[in-house]
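Any read-out appearing in this document is the output of simple, stated calculations on the displayed coordinates, not a laboratory observation. Owing to the predicted nature of the structure, the values given are computational and were not obtained by experimental measurement. Cβ atoms come from the backbone with ideal geometry, glycine included; neighbour counts cover every protein chain shown.
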Amino acid sequence: MRRRFSHAFEPPAPVVPVRLGAPGGHESAALDGKIDTGADLCGIPERLVIELDLPPIRNVRAVGFAGSARDVVVYRVDVEIDGLVFPRVEALAVDRTYALLGRNLLRVLVVRLDGPREWLDLRRPRIKT
């Protein structure tokens, strides 16, 4: 998937359309997912945790970009990006209207960012046979 950076952010940011759903559930929500290579885990809007009734799996101590640590709940969520399905991805609830795609998901993809051209290329790795 090759996409232009979104100008909804300053500076422009790599964003892809995603669909989030509860594992084994039937309801899902479509929204933007911002690529966040600085995030250990994915983040999902707090309202979707409630709407999709996502299952909590554990508590962790997380530090945000401001540097203050706090205890947060980790949830499981199914993530779909351009037809690629990633089941049971760990995610934190975030106070945003978009999802954050962290390294726990990005580590299974090939991510190419071309800042000067404002392009994102995202795909599954080729398997050598």
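Ignoring the sites themselves, the chain has its longest run without chymotrypsin sites (Phe, Trp or Tyr not before Pro) in a DSSP loop having at most 15 other Cβ atoms within 10 Å at 66-129.
In terms of overall dimensions, the C-alpha atoms belonging to the range 2-123 reach 39, 36, 25 Å along their principal axes, ordered largest to smallest.
How large is the dipole of the chain about the Cα centre if only Lys and Arg carry +1 and Asp and Glu carry -1, each at its Cβ, rounded to the nearest 20 debye?
Roughly 640 debye, rounded to the nearest 20.
Distances between every pair of Cα atoms in the range 1-71, grouped in 5 Å steps from 0 to the bin holding the largest one, split as 3, 12, 19, 21, 20, 16, 8, 1 percent. Other residues lying with their Cβ under 10 Å from the Cβ of V63 contribute a combined charge of +1, Lys and Arg counting +1, Asp and Glu -1.
A cut-off under 10 angstrom between Cβ atoms defines the neighbours of D40, and their net charge, with Lys, Arg +1 and Asp, Glu -1, is -1. With 0.36 nm allotted per residue and the present C-alpha distance subtracted, the V73-R96 stretch has 6.7 nm of extension available.
Contour minus end-to-end for V85 and L109, with contour as 0.36 nm per residue of separation and end-to-end as the Cα-Cα distance? Working shown, then result.
Values: separation 24, 0.36 × 24 = 8.64 nm, distance 1.18 nm.
So the extension gain works out to 7.5 nm.
Each Lys or Arg adds one and each Asp or Glu subtracts one; over the other residues with Cβ under 9 Å from the Cβ of R103, this totals -1. Loop-located trypsin sites (Lys or Arg not before Pro) across the range 50-129 with a Cβ neighbour count of 11 or fewer within 10 Å are R107, R117, R126, K128, with loop assigned by DSSP. Of the GluC sites (Glu not before Pro) found in the range 6-81, the ones in coil according to DSSP and having at most 12 other Cβ atoms within 10 Å of their Cβ are E27. Derived scalar couplings between HN and Hα for the range 49-64 equal 4, 6, 4, 8, 6, 6, x, x, 10, 5, 9, 9, 9, 10, 10, x Hz in order, rounded to whole Hz, by the Karplus curve 6.51 cos²θ - 1.76 cosθ + 1.60 (θ = phi - 60°), x for Gly and Pro.
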